[in-house]
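Structure first, commentary second.
The values are calculated or read from the model by the stated rules, or taken from the named source; none is laboratory data. Note that the structure is a prediction, hence the values are computed from the model and not measured. As a convention, Cβ positions derive from the backbone with ideal geometry for all residues, glycine included, and neighbour counts pool all protein chains shown. SASA here: full protein model, heavy atoms, side chains in, ligands and nucleic acids out. Shrake-Rupley method; radii C 1.70, N 1.55, O 1.52, S 1.80 Å.
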Amino acid sequence: MRQGGRRAQLVAVLTSPDDLDHDRLSGVDSLADGLEVRADLVGDPEPRWLRRNFTGSLTHCLRSHRHGGRYQGRTGERQARLVHAADQYDVVDLEWPDDLTPDVLARIPPHRRRISWHGGETGLDGLLRLFDTMATVPAALYLLSVSPSAEGSTSAPMFLSTLDRPDVTAFASGPAGIWTRILAPWLGAPVVFGHVGAEGPDGMPSLRQLVADYGLPALPQLDHLYGIAGVSPGRSLSPRLHNTALRTLGLRALYLPFPSRSLSRLLHTTASLGTHAGLPLRGLTVTAPHKEDALDLAGTASRAARGSGAANVLSLENGRWHADTTDPAGVLDSLAAAGVDPAGCSAAVVGCGGAGRAVALALREAGARVTLVNRSRDRGLRAASLMGLPFIPLLVFSARGHSLLVHATPLADCPPFQLTTADPGAVVLELVYREEPTALMTAAHAHGLPAIDGRSVLLIEVREQFRLLTGHTMPADTVRALPQDASQHSTTLCPAKAIRS
């Protein structure tokens with residue numbers, strides 16, 4: 001168990017010239033304890049101007065190309081800028097070992113030094129040996145950033161857990177390491193870094209994400225972890241909803257994004273971390289392309305997961321993973337909330353992945369006449385054979401004659417099928433969502449068709465996933481944690497009426 005009662009220091013990082021905006025900095029001032037200026041990315045803003053707009057501590061970082069930054073000037077010129085910055089900033093970042101020359105150390109006192117190392121794949125033993133050497137030079141903070149890899153993603157949090165020092169932070173860089181950055185303060189790191197603007201390709205979340213999605217800077221006690229596994233789950237709304245509910249119910253757990261291209265490797269590495277750090281992973285929500293693997297890796301499975309050949313929830317039950325799917329509940333409950341009865345209707349489900357197959361089975365059990373539609377003919381035929389349903393290739397699909405059109409692919413930027421032939425009053429429902437209306441939702445509105453967007457489905461699925469993972473009911477007002485525009489998009493966008501045909 002990780003003890004609570006501490007508070008992390010939030011450091012807002014300036015990485016774009018757009019971040020040097022008075023209103024943006026004023027908004028950050030109320031959230032962050034410190035401000036880091038990436039001088040290799042934004043230049044050297046006037047420190048006095050920064051202090052007029054930000055009241056916390058200032059850190060100067062001129063990261064060299066060798067350490068993953070943009071500065072490519074001569075070493076002597078760079079170190080002269082570091083020494084000059086020490087007269088104006090509270091903390092100056094010094095790269096190990098290049099910047100630790102006698103002249104630089106003589107000009108920058110220990111309480112103003114942050115010694116950083118940005119390196120390649122390094123296991124736990126390698127990090128411990130490296131830090132033993134780094135720690136011979138006194139500093140206010142030591143920062144170790146490991147390149148993203150299967151081993152590096154877990155070596156950093158295991159290193160923090162082993163070290164247990166209040167002056168060290170470590171994480172894996174890149175998108176795959178986002179969860180290690182978020183978890184670091186619970187493992188003893190004194191600080192956590194967030195972009196002033198949106199999250200970036202370096203894996204650093206935004207400052208507002210840290211606060212809204214993960215409840216930082218507060219560090220309540222943790223006994224275990226949950227999360228979402230996918231190729232790029234960092235922008236999902238699930239962390240905000242799950243963590244808000246966990247905090248509201250006083251459950252000692254944290255829900256993290258786990259970007260991964262191998263679900264089996266993720267389960268293996270998090271199991272190692274759980275044993276080492278005492279924070280076992282108790283459950284995952286799973287996104288494409290891992291839904292079929294989730295079922296294969298589970299010891300037991302629900303009837304719906306087995307029938308569709310895929311799962312989007314893995315929960316640990318009696319030491320074994322149990323697979324389930326919430327896609328049927330998401331669609332059927334969304335239709336019920338909109339006053340739509342699928343019994344007797346003709347439904348086309350576009351997309352034969354795990355979600356599409358689960359939805360198709362649920363609609364058939366609810367009494368609908370279901371037709372599968374897919375771009376890949378081979379995959380569509382396999383799904384049709386598995387479930388005993390008719391199949392139409394997307395290339396020749398027409399919306400005419402279907403009173404329910406379900407979109408179950410990730411495509412959001414252009415309509416996956418045309419609505420020009422859709423019957424008047426045909427209901428359009430999709431599972432994909434984004435901040436603004438998708439192309440299909442826009443087309444449905446343009447044709448005056450009743451439409452249920454992916455956020456509506458998501459909110460229902462998240463509640464069911466939370467119940468399956470924790471055994472608790474998600475508080476009804478959890479949706480208030482969403483941004484106002486997101487909450488508005490999560491409703492039925494056009495009035496829908498009961499359909500039977």
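Quick look at the numbers
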read-out: Flag if Leu419 is over 27 Å from Leu210 (Cβ atoms) and at pLDDT 95 or above; value: yes
read-out: In the range 276-295, residue nearest to Ser262 (Cα to Cα) [restricted to those that are in a helix (DSSP H, G or I) and open to solvent by 30 Å² or more (accessible area, probe 1.4 Å)]; value: Asp293
read-out: Helices (runs of 4 or more DSSP H) enclosed by the range 143-231 - at least 3 residues per element that are open to solvent by 10 Å² or more (accessible area, probe 1.4 Å) and of a type outside the set (D, E, K, R); value: 152-163, 207-214
read-out: Wholly enclosed strands (runs of 3 or more DSSP E) of the range 380-442 bearing at least 1 residues of a type in the set (Phe, Trp, Tyr) and farther than 22 Å from Gly230 by Cβ; value: 391-393
read-out: Residue list for the range 399-421, restricted to those being among the hydroxyl-bearing types (Ser, Thr, Tyr), within 20 Å of Leu431 (Cα to Cα) and open to solvent by 20 Å² or more (accessible area, probe 1.4 Å); value: Thr409
read-out: Checking Ile460 against (1) open to solvent by less than 20 Å² (accessible area, probe 1.4 Å); (2) within 30 Å of Leu314 (Cα to Cα), the condition it does not meet; value: (1)
read-out: Residue within the range 63-81 that is modelled with pLDDT of 95 or more, closer than 21 Å to Phe131 by Cα and under 36 Å from the mean Cα position of the chain (by Cα) present; value: yes
read-out: Condition broken by Trp321, with the remaining ones in (1) touching a Ser or Thr at 6+ places or on another chain (Cβ under 8 Å); (2) within 18 Å of Asn374 (Cβ to Cβ) satisfied; value: (2)
read-out: All strands (runs of 3 or more DSSP E) inside the range 311-363 with 2 or more residues being open to solvent by less than 10 Å² (accessible area, probe 1.4 Å) and under 24 Å from Gly401 (Cβ atoms); value: 346-350
read-out: Failed criterion for Leu237 (all others in (1) under 18 Å from the mean Cα position of the chain (by Cα); (2) modelled with pLDDT of 95 or more hold); value: (2)
read-out: Complete set of residues in the range 232-256 that are open to solvent by 50 Å² or more (accessible area, probe 1.4 Å) and among the basic types (Lys, Arg); value: Arg235, Arg247, Arg252
read-out: Selected residue (criterion: least open to solvent (accessible area, probe 1.4 Å)) from residues of the range 427-453 that are modelled with pLDDT of 95 or more and among the hydroxyl-bearing types (Ser, Thr, Tyr); value: Thr438
read-out: Test: residue in the range 303-315 that is more than 28 Å from Ala384 (Cα to Cα) and in contact with a strand residue (DSSP E or B) (Cβ under 8 Å, 6 or more places away or on another chain); value: yes
read-out: Per-region count, the range 1-29, residues part of a loop (DSSP other than H, G, I, E, B), of a type in the set (D, E, K, R) and in contact (Cβ under 8 Å) with a residue 12 or more places away in the chain; value: 1
read-out: Residue within the range 261-268 that is part of a loop (DSSP other than H, G, I, E, B), open to solvent by less than 30 Å² (accessible area, probe 1.4 Å) and either among the aliphatic types (A, V, I, L, M) or modelled with pLDDT of 95 or more (or both) present; value: no
read-out: All positions within the range 247-298 that are farther than 25 Å from Asp164 by Cα and among the hydrophobic types (A, V, I, L, M, F, W, C); value: Leu249, Leu263, Leu284, Val286, Ala288, Ala294, Leu295, Leu297, Ala298
read-out: In the range 383-435, the residues that are among the aromatic types (Phe, Trp, Tyr) and closer than 20 Å to Leu458 by Cα; value: Tyr433
read-out: Positions within the range 92-120 being over 30 Å from the mean Cα position of the chain (by Cα) and β-branched (Val, Ile, Thr), in sequence order; value: Val92, Thr101, Val104, Ile108
